[in-house]
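The values are calculated or read from the model by the stated rules, or taken from the named source; none is laboratory data. Just so we're clear, the structure is a prediction, and the values are computed from it rather than from any experiment. Note: ideal-geometry Cβ built from the backbone for every residue, glycine included; neighbour counts use all protein chains shown. Remember, those area values only see protein heavy atoms, side chains included, never the ligands or the DNA or RNA. Shrake-Rupley method; radii C 1.70, N 1.55, O 1.52, S 1.80 Å.
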Amino acid sequence: MSFEINRKDFFKLAGLGGVVFASGLGRWGRALAAEQDFFFVQMTDSHWGFEGPPNPEAKTTLKRGVAAVNALEHQPDFIMFTGDLTHAADDDQERRRRMMEFKTIVADLKVKDVRFIPGENDAGLDNGAMYKSLFGPGNYSFDHKGVHFVALDNVSDPNGLIGDTQLQWLQADLAKLDKSQPIVVFAHRPLFPLYPQWDWATTDGAKAIDILTPYRNVTVFYGHIHQEHHHMTGAIMHHAAESLIFPFPLAGSQPKRLPVPWDPAHPFKGLGFRSVEAEGTGLKPVTNSIS
């Protein structure tokens, strides 16, 4: 590899939602890594503006995450926030204030290629109007070192839809690619019906998966469920990252979707990050929790 991220660096990443090497993204990763190593950071569900017992450190967690990324010896190529940047507020002025504060905090990141998609807390109250005015489009695509990245907005529609217009855009965006092209998709909600009773699904997510299925090397990263989770739909890998604010329990493990109570003895339990370490000629994925 062209550089090495050591274990000490990874353990500095207290509270991050995920650290991902492109060369660790599934079966095509090693071939890609031999030519163009890079890594990016996924952060998710910071819920800036939240206050409450589930996280008495809520005013510091995002700042800790920014400081942790800045402390890395080698900086990521880019950073992606996969939604719920802020915690929803009914008052428009308060919502705008939270979004502006969030932007001010993440502006301290050394890496200036920082990208965003909305969560329902950011966009659900006004179909994404305020979010888009401050952060730009909710869906877009870009290419980086041989990988095609797609950002989807599955939260601005109050019915939890991607919507026909965006699905048509997705199909057209992918049409120019070879079927073997490595593709990474970012979404806030899971595209598959993980647990619809808790809003852990995308109403028309199956349509997006149908569009993606002909492509042989697709990986999806998402947030929303505030816990690590891995799932396959056909050959497509789906990975959820832990949140920056509080964990949720396993799907259906209790009657209501309520945050896991804060544990003063283990204040960051359930908040963590995913790393991929170099090991021989390949990479070893490691999931680390803060405890």
Accessible-area value, Tyr140, 1.4 Å probe, nucleic acids and ligands omitted, Å²:
50 Å²
Rounded to the nearest 10 Å², what accessible area does His230 have for a 1.4 Å probe in the complete protein model?
90 Å²
Suppose every K and R has +1 on its Cβ and every D and E has -1 on its Cβ; what is the size of the dipole of the stretch 111-262 about the Cα centre, in Debye to the nearest 20?
280 debye
Express in Å², to the nearest 10, the accessible area of Arg95 obtained by rolling a 1.4 Å probe over the protein heavy atoms while all chains stay in place.
10 Å²
How far, in nm, would the chain grow between Ala89 and Asp113 when pulled straight, counting 0.36 nm per residue and subtracting the alpha carbon separation?
5.9 nm
At a 1.4 Å probe radius, carbon and sulfur cover how many percent of the accessible area of the stretch 103-243?
53 percent
Run the simple label-point estimate for Asp199 and Asp143 please: 7 Å along Cα→C-beta, distance reported in nm.
3.7 nm
Solvent exposure ordering (accessible area, 1.4 Å, most first) of Ser133, Ser156, Ser141
Ser133, Ser141, Ser156
Quick check for you: with a 1.4 Å probe and neighbouring chains kept, what is the accessible area per residue of the stretch 226-274, in Å²?
48 Å²
Leaving ligands and nucleic acids out of the surface, order Trp48, Trp200, Trp169 by accessible area at 1.4 Å, largest first.
Trp169, Trp48, Trp200
Using a Förster distance of 22 angstrom, determine the FRET efficiency expected from the C-beta separation of Leu250 and Asn159, and round it to 0.05.
0.30
